[in-house]
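Before we start, here is the structure in question, set down as structure tokens.
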Amino acid sequence: MPVTKRNLRLAPLTLVCAAALVSMVAACGKTPDSPTESNEATLSGPDAKPGMVASDGKLVLPIVAGRPGAVYFTVRNDGAEPVTLAGVHVAGVGKAEMHQTNGGTMAKVDSLPIDPGASMVFTPGGLHVMAFDIGAQVKAGGTAELTLTFSDGDKLSMPIRVEKMGAGMDHEGMDHGTMEGMQH
């Protein structure tokens, strides 16, 4: 094709179309970003911990900005060997630590053994992850990525929902009584 002014104007458009076609073809075999619609992380990828499954993850933001949030989830050992959860990381959070609340006292947990067939549930009032220095990009209604690191270096990552504190609380069946005498 001879080079003319008309052909030069079409060249950038042709390159854009070719690049779009290449990216579409490359995406055909791509797996979805989230492992399943039920928010369950499964064993895929080179550093996924064999036999481990995590689900039901959420990060609850603090009411007061600058305070720590909390992360809740379930991790299950479907493998044949015991494993030890040695660390947690939440994308967009400066520092994440496992904690245990027991009898009104909260203490840091450095590692957590999980026997074959056992599940560990991270929930309010028990095991949980404290999320310190939450970045401005982590907002209610969005998602973040939780990565669990095991003592042998294997990892398991999953998306977690980001919620405001109090979101999802069920107020049905509560006796609110009358509100007489309350100042509005």
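Where a number appears in this text, it was derived from the coordinates with a stated rule and is not lab data. If you're wondering where the values come from, they're calculated on a predicted model, not measured in any experiment. Cβ atoms come from the backbone with ideal geometry, glycine included; neighbour counts cover every protein chain shown.
When 1/r is averaged over all different Cα pairs and the result inverted, which Kirkwood radius in Å belongs to the range 52-164? Don't jump to the answer; show the numbers that get you there.
Details: mean 1/r = 0.0706 Å⁻¹.
Hydrodynamic radius (Kirkwood, Cα only) of the range 52-164 equals 14.2 Å.
Using +1 on the beta carbon of Lys and Arg, -1 on that of Asp and Glu, and nothing else charged, what's the dipole of the range 52-164 about the Cα centre, debye to 20? Walk me through the intermediate numbers first.
Numbers: 9 positive and 11 negative charges, 115 e Å.
Roughly 560 debye, rounded to the nearest 20.
Something else now. Run the quick spin-label model on K164 and S119: label points 7 Å from Cα toward the beta carbon, then report their separation in nm to one decimal.
So the label points at K164 and S119 sit 3.0 nm apart.
Which order do E145, E81 fall in if you start with the one that has the fewest other Cβ atoms within 10 Å?
On the way: E145 15, E81 10.
By the 10 Å Cβ count, ascending: E81, E145.
Keeping to pairs on different chains or 8 or more places apart, tell me how many lysine pairs in the range 52-164 have Cα atoms under 13 Å apart. Can you show the working numbers first?
Numbers: K58/K139; K58/K164; K95/K108; K139/K164.
Taking the range 52-164 as the scope, the lysine pair count is 4.
Related question: For the range 52-164, calculate the relative contact order in percent as a whole number, restricting contacts to Cα pairs under 8 Å that are 6 or more residues apart.
Details: 284 pairs, mean separation 39.0, N = 113.
Averaging sequence separation for qualifying contacts and normalising by length gives 35 percent for the range 52-164.
First select every other residue whose beta carbon is under 12 angstrom from the beta carbon of E81; then total the charges, Lys and Arg +1, Asp and Glu -1. Before the final figure, lay out each step's value.
Numbers: positive: K49; negative: D78, D115, D152, D154.
Counting the neighbours of E81, the net charge comes to -3.
Got a sec? How would I114, I63 order by Cβ neighbour count within 10 Å, fewest to most? Write out the running numbers ahead of the final one.
Details: I114 19, I63 10.
Ranking I114, I63 by Cβ neighbours within 10 Å, fewest first, gives I63, I114.
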